[in-house]
Structure formats: structure tokens, C-alpha cells
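Q: Mind having a look at this structure? Questions to follow.
The values are calculated or read from the model by the stated rules, or taken from the named source; none is laboratory data. Values in this document were obtained by computation on a predicted structure and should not be read as measured data. Don't worry about glycine lacking a Cβ; one is built from the backbone with ideal geometry, like all the others, and counts go over all protein chains shown. Keep in mind that these areas ignore ligands, DNA and RNA; they rest on the heavy atoms of the full protein, side chains included. Shrake-Rupley method; radii C 1.70, N 1.55, O 1.52, S 1.80 Å.
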Amino acid sequence: MRTEKEYKNLTVKEFTKAAEIYETDHAGIYEMCKDDYPYISSELEKEEYHDLLDCGCGTGPMISLLYEKDPAKHYTGLDITPRMIEVGKSKNLEGVDWIVGDCENLPFDENTFDAIICSNSFHHYPNPQKFFDSVKRVLRPGGRLILQDYTAPKLILWLMNHTEMPMANLIGHGDVAARSLDEVRAFCDAAGLKIEKLERAKKFRLHLVARKATIEKRRKHD
């Protein structure tokens, strides 16, 4: 098993190469990310928000789509790969912040964002609980996390994590593990995020919507 640093170095190496093609029609395996965009947009449309963070934003394709719909909102893209952020910045989207950083240690103050999205990035995180804890900290009371990633039934998940992921590492990819619904549920519970939707969808997709409690709810609980 690789160390945390080794996984993250692989991720940076992989996506430094991918940055130039990430939003083209020749993106290879990364083209599947496009399937997630309509779902994330539909979840975001259910509630008003102003400040949004995209964790593992890549070159910012999701931010670009959201910005086109409503440029008045404040969008922040965070990615561990500097080249991805450079490409995002080159779009010159006014008012959008592009930051190089680690999604397991979000470099923001408490209660900063109304919504956090994370698409096809979570399986690169060696310490998933740190991600959820960090999300809880920077979300505002009542804010939502909308996450999509990979999952599968138990046997297929085992095969993915013990054959597919290690093979991906050997060819230079930073994949760590796909998670089960039970694991994600435990991460949310430990972080204090309330799950509103957690399901396994088609094409081995995991859909999660989790919310930080409002101040009023926390007081009642206390």
C-alpha cells in the first residue's frame, strides 16, 4: 500500500498531464465526468446559494457551466494540481477564485460556503474522514455537500479496490479506493453531517447529498 504522500504525488502527476485535454472531446476516461454535471446542477437548483466551492475542480468545467447560468454567484475552485488551476484561471471568469489546495484540509475559514460540490475526485483521497470533517467546518449552517463518485456492490467493489485501483497506480494514476455506501454513511456520521440522499446509481455511481445542521437544530439537540 502506498503512503498518503505517494498517492497525492501520483494524483498531481496524472492530472498535470490531463489538464491540457480535460475539457476536450479527446479526454479519454475523463469524459465520463460529464455525465455527472446534470445531476449536480439539478441538486443545486433545489435551493438558493451564493458561495460555492468545487472540491477537486480540475480545470473547472462544472464552474464554467454554473457561471454561464449565473455569473452573480461566487464560485471557488480548489484542486491539488497546480496545472489544473492554471488552466482554470486562464478562462478569466470574473469573480471566480482558483486555489491550489488539498481537499482533506480545506484552506478556508469556518462557515464560508453555502454549497460544496465534489465530482469524481473523492476516490483520490487517502484520508476520506479528513475530507468530510473539513467540509463540515467550512460549510455554513444549513449548507449542503453534493458528491458523486464511484461505488459498486460488495464483490465488485472489492475487485475494483484490489485489482483495478492498484493497476491504475502502476500506470501513474492517483486512485486510492472506491467507497461503499456504508463507509460514506459512517464518514458523514462521524463528521456530523446529516445525509439527505445516499444511493448507488447506474454506471457504478454514488450519489450523496449531506447537510450541515442549522444553528437552531444544534441548539435543540444540545
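Q: Kindly provide the set of residues from the stretch 145-164 that are more than 12 Å from the chain's Cα centre (by Cα) and open to solvent by 10 Å² or more (accessible area, probe 1.4 Å), ordered by number.
A: Here is the first cut: in the stretch 145-164, the ones more than 12 Å from the chain's Cα centre (by Cα) are 151-164.
Those that are more than 12 Å from the chain's Cα centre (by Cα) and open to solvent by 10 Å² or more (accessible area, probe 1.4 Å): Pro153, Lys154, Leu155, Ile156, Leu157, Trp158, Leu159, Met160, Asn161, His162, Thr163, Glu164.
Q: Restricting the first residue to the stretch 99-110 and requiring it to be touching a residue at least 60 places away in the same chain (Cβ under 8 Å), which pairs with a second residue that is assigned to a loop (DSSP other than H, G, I, E, B) and aliphatic (A, V, I, L, M) meet a Cβ separation below 7 Å and a spacing of at least six or different chains?
A: Asp102/Ile80
Every residue, every condition in (1) crowded, with 17+ Cβ neighbours inside 10 Å; (2) in contact (Cβ under 8 Å) with a residue 24 or more places away in the chain, yes or no:
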position: Ile171; (1), (2): no, no
position: Ala177; (1), (2): yes, yes
position: Asp182; (1), (2): no, no
position: Arg185; (1), (2): no, no
position: Phe204; (1), (2): no, yes
position: Arg211; (1), (2): yes, yes
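Q: If I ask for residues that are over 17 Å from Pro126 (Cα atoms) and not in a strand (DSSP E or B), which ones from the stretch 140-162 would you list?
A: Ala152, Pro153, Lys154, Leu155, Ile156, Leu159
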